[in-house]
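Values in this text are rule-based calculations from the coordinates and carry no lab data. All figures in this text were calculated on a predicted structure; none of them were measured in a lab. For neighbour counting, all protein chains shown are included, and Cβ atoms are generated from backbone atoms with ideal geometry for every residue, glycine included.
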Amino acid sequence: MIFIISLAISIIFAAGSYLILQRNLIRVVIGIVLISNAANLFIVAAGITRGQAPIYPLPDGSEISDPLVQAMVLTAIVIGSSVAALLLALSYRLYTSHNSIDVDDISLAEAEAAEALERDESPELIDPEREGPV
Amino acid sequence: MILITLTIGVTWVFGAALAMMDGRRRSVGILALLGLGTSLVSAILLGIRVLQEGKVVMIAGDWPLGLGIALRADALGVTFAVVSCGVVFASLLYEVILGVRSRTFPALVLFLNTGLMGIFLTGDMFNFYVFFEIAMTASYVLTGYREQDYQVRAAFIFAIVNLLGSVIFLIAVAGLYRITGTLDMMIAAERIGEAGPNPTIVIATAIFVAFGLKIGLFPFHFWLPAVYVGSHAPVAAILSGAVANIGGYGLLRFGGYIMPDQLAFGAPVLLALGSASIIYGAHQAVARHSPVEVMAYSAIGQAGYILIALAIGGPIGYAGAVIYAVVNSLNKGLIFLATGLRGWMVGAAFAVGAFSIAGVPPAAGFISKLALFRAAIAWNGIAGSVAMVALIFVGGAISFVYSFQIYQSIYLKPGRMEAGKPSPLAARILVVALAALLVALGLYPEPLLYIGAQAAEVLVEGS
């Protein structure tokens, strides 16, 4: 049982790490979701015990499975899904301005914009004219 | 009791309410300042009480000890809480004076503060993770403030890298729960010795990697320059003055308090990485031109000093790490806020911050460098001590060079300061007040040294 779970965790984690290294932003987001789910599985595995459901009143004499890890993993799942939503929103924001979700395209467009700025002799990154439009 | 609840909770309630309103309106900004001010005042009152009467413990929901989630305010946590809350308050005040540009900014800053205060005052490891995520999620969004393309991209990088760190931390928490059977930091610290070295070293390494990512240590620093360069002045001040404290505090709390044996075991590695960070950060900072970029690389070097003090350990080393972290966040807050302004007195305030980073008296940076020298001398072995002192001295000398390179390029170049209108007087007064605080702490360092010693005592007693 322990072997199977650890194998599953390592495969999910490895798949997530592979996806994070891709150039496509959506794949990166999916990768981080996979990795955080590998961590969730790890938490469940860390407290895995066989026994009755831990619902009061407790049955006499029998073993009770650990409820704490389940409460923890529930919290972690909620956090993970909300952060995934945030990341997708950020990717969408980048997509609308560059019409691409490829990291290379986005960096290229940015480098060009930075060069154009430098040619205009206004390379101030620190807060140019607060009043006017940037 | 009520002080802990107020410190953490007030900004959460205000944040939830203000998230519905348009943050660009001045009234909303003032309400946010009111909430944050309440949090700051209660953190300070809590700090005074902790220093006078010892630590304050509160169990959430009145559960018996060991069952409920404990909130524990001790000298270490309260010190970090007051400093971080102060930097966040100054940054929000600065942005409200200059005019908030995004409707969510005040609410996000308040949520960030909730997360930070929770991290510094909780006594439960999983609770630590939850508050940590609250603070980090708010700071991901803050990095994209003003929604320029490069800022959104910086936010994306920041979020991905730090999420990876959070996941590693979560795995370490699950591991600690597995080997100690508790999530309470105090009980875990007592039981960790029984677990044997093998599993604990793995967990300690995971925790070190997670916090190394947050604080931006040398091999984990790759995300930091992109994020700082992209972000707006008050956001950069919040990130490097308050959010970076999570890394320093986490290393002190988990390394010094829960796993001191593992910390001592890993000390050579920490020293090597700390030295590499100092050299790399200073080296890169000297070569850059944009002030924000220089300060971003400087932050990598400053993380190295904290790590070295932590590795030396003992009361003097821990005190050095705490004092250095506190002064560093004030320095960075001042410098980043000052770079966004123009006009009379701003240059002087920036110069105080630059002197403080370089460790020149009378600025407070001198006291923190002195604490580091003390720690280095207390380290066993003459050769090691000499090498450490030399490293810290050279690092300080290089930071003097880069601080004044940017001072020169901003304030002494003809035409740079005259262009455009000067910034509002209130914002300049705020920056000057921060500079005055740094000088005051440098001239009368007793409170700082006392707090550092008290915080170190928490760690030494716990181990």
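Tabulated data for the structure shown
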quantity: Once exposed loop chymotrypsin sites (Phe, Trp or Tyr not before Pro) are cut out (DSSP; at most 14 other Cβ, 10 Å), longest piece of chain B; calculated: B:1-221
quantity: Check: region B:346-461 dipole with +1 on Lys, Arg Cβ and -1 on Asp, Glu Cβ, in debye; calculated: 500 debye
quantity: Neighbouring partner chain Cβ atoms per residue of A:15-27, average, 10 Å criterion; calculated: 1
quantity: Equivalent ellipsoid semi-axes, region A:21-78, via Cα gyration tensor eigenvalues times 5, rooted, Å; calculated: 35, 10, 6
quantity: With at most 15 other Cβ atoms within 10 Å, longest stretch of chain B clear of loop GluC sites (Glu not before Pro) (DSSP); calculated: B:148-417
quantity: Cα centre as origin, Lys/Arg/Asp/Glu Cβ charges: chain B dipole, Debye; calculated: 1300 debye
quantity: Nitroxide proxy distance, nm - points 7 Å out along Cα→Cβ at B:L412 and B:R103; calculated: 4.7 nm
quantity: For B:I59, distant residues with modelled amide H under 5 Å away; calculated: B:L71
quantity: Cross-link table B:K369/B:K421; B:K55/B:K332; B:K369/B:K413; B:K332/B:K421; B:K214/B:K369, entries beyond 27 Å C-alpha to C-alpha; calculated: B:K369/B:K421; B:K55/B:K332; B:K369/B:K413
quantity: Diffusion coefficient, µm² s⁻¹, Stokes-Einstein with Kirkwood Rh over alpha-carbon pairs of region B:178-291 at 10 °C and 1.306 mPa s; calculated: 101 µm²/s
quantity: Max mean-square fluctuation residue, GNM over chain A, Cα-Cα springs under 10 Å, options A:A15, A:A85, A:A53; calculated: A:A53
quantity: Förster radius 30 Å - calculated FRET efficiency between B:A287 and A:Q22 (Cβ-Cβ, nearest 0.05); calculated: 0.45
quantity: Debye log10 I(q)/I(0) at q = 0.15, 0.19 Å⁻¹ for region B:286-423, Cα point scatterers; calculated: -0.70, -1.02
quantity: For chain A, size of Cβ-based charge dipole, Lys and Arg +1, Asp and Glu -1, in debye; calculated: 1020 debye
quantity: Selected from B:S91, B:P234, B:A338, residue furthest toward positive end of dipole (the protein assembly as shown; charges at beta carbon); calculated: B:A338
quantity: Descending Cα extents along the principal axes, chain A, whole Å; calculated: 79, 34, 22
quantity: ³J(HN,Hα), Karplus 6.51/-1.76/1.60, whole Hz, each residue of region A:52-58, x for Gly, Pro; calculated: 5, 5, x, 10, 6, x, 7
quantity: Long-range amide H partners of A:S65 with built H, under 5 Å; calculated: A:G51, A:Q52
quantity: Trypsin sites (Lys or Arg not before Pro) lying in DSSP loop within region B:359-429, provided at most 14 other Cβ fall within 10 Å; calculated: B:R416
